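Have a look at the structure below before the remarks.
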Amino acid sequence: MDWQTSLDAVISADPDHVSAYALVIEPGTAMARKVAHGELEPTDDDRQADYYLMAEASLTAAGFENYEVSNWARDRDHRARHNLAYWQGDNWWGIGPGAHSHVGGVRWWNLRHPARYAAALAAGHSPAQAREVLDHQTRRIERVLLELRISDGLPVEVLTVTEVQRLPALLDRGLIEMQAERVKLTLQGRLLADAVIRDLLD
């Protein structure tokens with residue numbers, strides 16, 4: 001089954017929301033070992049960009065709106081509220097093995113193995129494996145990383161003076177646009193989101 005056939009099948013199911021993430025082959029996984037041994041083809045950035053543009057064209061034609069780099073919804077009411085909470089730095093509680101949580105600038109994550117998670121609860125202990133307290137600068141950087149990926153954009157006021165000075169170059173390259181004091185990725189910018197963020201941040 002090719003990518004366009006997959007897109008057509010998704011659209012024919014008439015969902016309210018579609019997520020389409022690029023494949024990332026993580027080191028140490030079975031898939032990474034297969035790629036290393038030549039059993040699977042490695043991912044190709046140009047092919048993934050072509051697939052992304054196909055998804056954007058097909059989903060937009062079907063009435064979806066891109067609201068985050070890898071997510072499309074029929075309208076604002078059908079955007080993934082849980083994901084938006086994450087992308088906008090809100091508080092959330094994760095329940096279950098391996099789940100992550102964030103409350104008031106403190107992030108923690110649970111034991112991954114279900115048996116260890118259950119044993120901790122049965123013993124009356126927290127199933128949290130570790131936690132970190134996010135300082136102001138870390139929270140600001142994460143805000144840039146996440147909010148710039150959302151179609152509503154990032155308020156310019158979040159950026160430092162030197163980061164603001166980099167905006168004209170990104171505008172000239174057609175990677176961002178400015179609307180009502182907010183920085184937004186263009187379609188080309190979405191294709192290069194990680195590079196845009198890297199070039200923007202101090």
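Just so you know, all these numbers are worked out from the coordinates, no wet-lab data involved. All values derive from a computational prediction rather than experimental measurement. Positions of Cβ are backbone-derived with ideal geometry, glycine not excepted, and every protein chain shown enters the neighbour counts.
Using helices alone, what [θ] at 222 nm do you get for the chain, with -39,500 (n - 2.57) per DSSP H run of 4 or more residues, divided over all residues and rounded to the nearest 500? Show your work: numbers first, answer last.
On the way: 10 runs with 86 residues, N = 202.
Here the helix-only value at 222 nm equals -12000 deg cm²/dmol.
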* Find how many whole Å separate the alpha carbon centroid of region 51-77 from the alpha carbon centroid of region 107-178. => 23 Å
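I'd like to know how region 1-92 sits against the 2.2 N^0.38 Å rule of thumb: what's its Cα Rg over that expected value?
On the way: Rg = 15.7 Å, N = 92, 2.2 N^0.38 = 12.3 Å.
Scaled against compact globular proteins, the figure is 1.28.
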* Structure fact -> In order over region 161-178: 3J(HN,Hα) from phi, Karplus 6.51/-1.76/1.60, θ = phi - 60°, whole Hz, x for each Gly or Pro, gives 4, 5, 5, 4, 5, 8, 4, x, 5, 5, 5, 4, 7, x, 8, 9, 9, 10
* At what distance in nm do the modelled label points of Ala123 and Ser6 sit from each other, each positioned 7 Å from its Cα along Cα→Cβ? -> 4.2 nm
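Can you put Tyr21, Tyr51 in order of Cβ neighbours within 10 angstrom, beginning with the fewest?
Values: Tyr21 8, Tyr51 19.
Fewest to most other Cβ atoms nearby, the residues stand as Tyr21, Tyr51.
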* Asked: Per 5 Å bin, what percent of the C-alpha pairs of the chain does each bin hold, from zero upward?
  -> 1, 6, 12, 13, 15, 16, 16, 11, 6, 3, 1, 0
* Once you've got the GNM for the chain with C-alpha springs shorter than 10 Å, pick whichever of His100, His37, His136 has the biggest mean-square fluctuation. => His37
* Asked: With the chain treated as a Gaussian network of Cα nodes joined by springs under 10 Å, which of Leu167, Leu145, Leu23 yields the largest mean-square fluctuation?
  -> Leu23
* Principal semi-axes in Å for region 61-156 [√(5λ), Cα gyration tensor, largest first] -> 31, 19, 9
* Asked: Under a GNM of the chain (C-alpha, springs under 10 Å), which listed residue has the highest mean-square fluctuation: Leu40, Leu84, Leu171?
  -> Leu40
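Just check region 85-134 against the gyration tensor rule for me: Cα atoms, a ≥ b ≥ c as the square roots of the eigenvalues, rounded for a/c under 1.5, and otherwise prolate or oblate depending on whether a/b exceeds b/c. Could you put the intermediate results ahead of the total?
Details: a/c = 2.74, a/b = 2.15, b/c = 1.27.
Note, shape of region 85-134 comes out prolate.
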